[in-house]
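Taking it in order: structure first as structure tokens, then the write-up.
The values are calculated or read from the model by the stated rules, or taken from the named source; none is laboratory data. In this text the structure is predicted, and so the values were computed from the model without any measurement. We place every Cβ from the backbone using ideal geometry, glycine too, and count neighbours over all the protein chains shown.
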Amino acid sequence: MSGLVRRFYPFKINSVRNFLSRNYSKPVIKPLEHIKPELIITDTCVERLKNISKNSDEFLRVSVDGGGCSGFQYKFDLDSKINEDDKIFEKNGAKVVIDETSLDFVRGATVDYREELIKSSFRIVNNPLAEQGCSCGSSFAVRLD
């Protein structure tokens, strides 16, 4: 019988098991540098938040509301209360908080602070989920692809 097995299976069963266990049973782990952050906070945003926070409990709340020129608009407020559905992002002691629903509209975007001659404001830039925006910088349309 062993000759019959050798004729149909010219390889050793144990070597096949070893090969499969070595090459196919390990989970694929992606290096951390390939994982994109959910929200990026710039250094200018951190600096401005530290300057305007009255105490260490205050943070920047980012939310997305319906309205504006393009259908949705970004909203920025200083807040000190964290809700159950909030996600907290922290950089160098400055916190940005966003609710899960709003995060779905800005995932992968950057929170920035810009000072210009006409106005200074927090902004969402490089939003991969926005198709177009308004010249004011606070309104956007969602990409549908």
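Worth a mention:
- Filtered residues of region 96-142 (kept if more than 17 Å from S70 (Cα to Cα), of a type in the set (A, V, I, L, M) and either at pLDDT 90 or above or touching a strand residue (DSSP E or B) at 6+ places or on another chain (Cβ under 8 Å) (or both)): V96, V97, I98, L103, A109, V111
- Filter pass, G93 being in contact with a helix residue (DSSP H, G or I) (Cβ under 8 Å, 6 or more places away or on another chain), of a type in the set (G, A, S) and modelled with pLDDT under 95: yes
- Hey, S63 modelled with pLDDT of 95 or more and in a helix (DSSP H, G or I) or not: no
- Here is the figure for region 43-76: residues that are among the aliphatic types (A, V, I, L, M) and surrounded by fewer than 16 Cβ atoms within 10 Å (Cβ to Cβ) total 1.
- Verdict on F11 being at pLDDT below 95 and touching a helix residue (DSSP H, G or I) at 6+ places or on another chain (Cβ under 7 Å): no
- Among residues of region 51-71 that are free of Cβ contacts under 8 Å to residues at least 24 places away in the same chain, those with a Cβ under 8 angstrom from a residue that is of a type in the set (K, R), sequence gap 6+ or separate chain, pair up as D65/K75.
- Complete set of residues in region 86-145 that are closer than 18 Å to Q73 by Cβ, of a type in the set (G, A, S) and in contact with a Leu (Cβ under 9 Å, 6 or more places away or on another chain): A109
- As a summary of the residue check, K36 satisfies the conditions (1) surrounded by 11 or more Cβ atoms within 10 Å (Cβ to Cβ); (2) modelled with pLDDT of 60 or more; (3) not in a strand (DSSP E or B) except for the one numbered (1).
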